[in-house]
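To keep things clear, I will list the structure first and then write my remarks on it.
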Amino acid sequence: MSVEQGVSGRIAGQSEVRQGFWLENLCFPPASSGPPAVLALDMFDRPGDAVRRLCEQVQIAHASSVIPLGMADVVAQARDRRVGAIAALHRGEPCGFVLDLPSGARLHWEIRPVPYLLIRPVA
């Protein structure tokens with residue numbers, strides 16, 4: 001599909017709709033304590049890259065003591081479930097990871113397949 005805008009010829013290019021993978025990382029405070037905090041938002045072209053980033057964020061949260069050190073098995077679970085998560089994304093299904101912290105807060109990661117519009121300038 002071609003996109004052109006005639007206003008002074010400033011925008012002209014090629015566009016296409018692509019499948020992307022939207023990663024959200026939110027922290028929900030303990031019940032009734034307010035809205036969730038957005039920790040990270042990312043878009044990826046490949047499901048494996050999105051799942052890899054989710055696992056990295058879980059590892060970073062663990063290393064920085066957001067996830068208590070006694071919960072190391074949780075980090076391993078995120079890593080061990082990568083293949084199933086990638087398969088779900090290839091099928092067009094969302095996947096995610098939720099972790100309840102001792103403080104009552106909840107860390108939430110979710111990856112959703114989403115279409116997006118890629119626009120390339122014409123040389």
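The values are calculated or read from the model by the stated rules, or taken from the named source; none is laboratory data. Predicted, not measured: the structure shown is a model, and the values here were computed from it. As a convention, Cβ positions derive from the backbone with ideal geometry for all residues, glycine included, and neighbour counts pool all protein chains shown. Side chains included, ligands, DNA and RNA excluded: accessible areas come from the protein's heavy atoms. Shrake-Rupley method; radii C 1.70, N 1.55, O 1.52, S 1.80 Å.
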Taking a label point 7 Å from the Cα of Leu117 along Cα-to-Cβ, the residues of the range 17-40 whose backbone nitrogen sits under 18 Å from it are 17-21
Inter-label distance for Val98 and Trp22, nm, one decimal - labels placed 7 Å from Cα along Cα-to-Cβ: 1.9
For Ile111, Ile60, write out the residues from largest to smallest accessible area, computed with a 1.4 angstrom probe and no ligands counted. Ile60, Ile111
Per residue accessible area of the chain, 1.4 Å probe, in Å²: 62
In the chain, what percent of the accessible surface is made up of carbon and sulfur (1.4 Å probe, ligands and nucleic acids excluded)? 57
I need the trypsin sites (Lys or Arg not before Pro) found in the range 21-110, filtered to DSSP loop residues with at most 15 other beta carbons within 10 Å of theirs. Arg91
A chain fully extended from Asp80 to Ser32 at 0.36 nm per residue, minus the present Cα-Cα distance, gains in nm 14.0 nm
Just to be sure I understand, if you calculate Rg/Rh (Cα atoms, Kirkwood Rh) for this structure, which of (i) 1.21; (ii) 1.13; (iii) 1.05 do you get? (ii)
Among all helices in the chain defined by DSSP H, which have a length of 18 Å or more along the axis from Cα atoms plus a Kyte-Doolittle mean of at least -1.0? 47-63
